[in-house]
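The values are calculated or read from the model by the stated rules, or taken from the named source; none is laboratory data. Bear in mind the structure is a predicted one, so any value in this text is a computation, not a measurement. No Cβ is skipped: glycine too gets one built from the backbone with ideal geometry, and neighbour counts run over all protein chains shown.
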Amino acid sequence: MTKNLGNGRYVPPKDTSVSFFGKVAPALFPLVAAALGYMIGRQFLGL
């Protein structure tokens, strides 16, 4: 994650889809992690 800090200054026009997924994936990751944790907790802990 730290190696991509310098790449945010200039984005070539051909990489619009890559930058789009690059912005969406980190936003969806906490939702996926929360859903996974909820399902695992409900399965094993009876929450």
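Quick one: what pairs do we get from segment 31-46, first residue at positive phi, second polar (S, T, N, Q) and loosely packed, with under 10 Cβ neighbours inside 10 Å, C-beta under 7 Å, 6+ apart or different chains?
Filtered contacts from segment 31-46: no entries.
Does PRO13 fit the bill of being modelled with pLDDT of 75 or more and not polar (S, T, N, Q)?
When the stated conditions are applied, PRO13 does not pass them.
Would you mind finding the one in PHE44, PHE20 that is exposed (fewer than 10 other Cβ atoms within 10 Å of the Cβ), modelled with pLDDT of 70 or more, in a helix (DSSP H, G or I) and not polar (S, T, N, Q)?
Residue meeting the stated conditions: PHE44.
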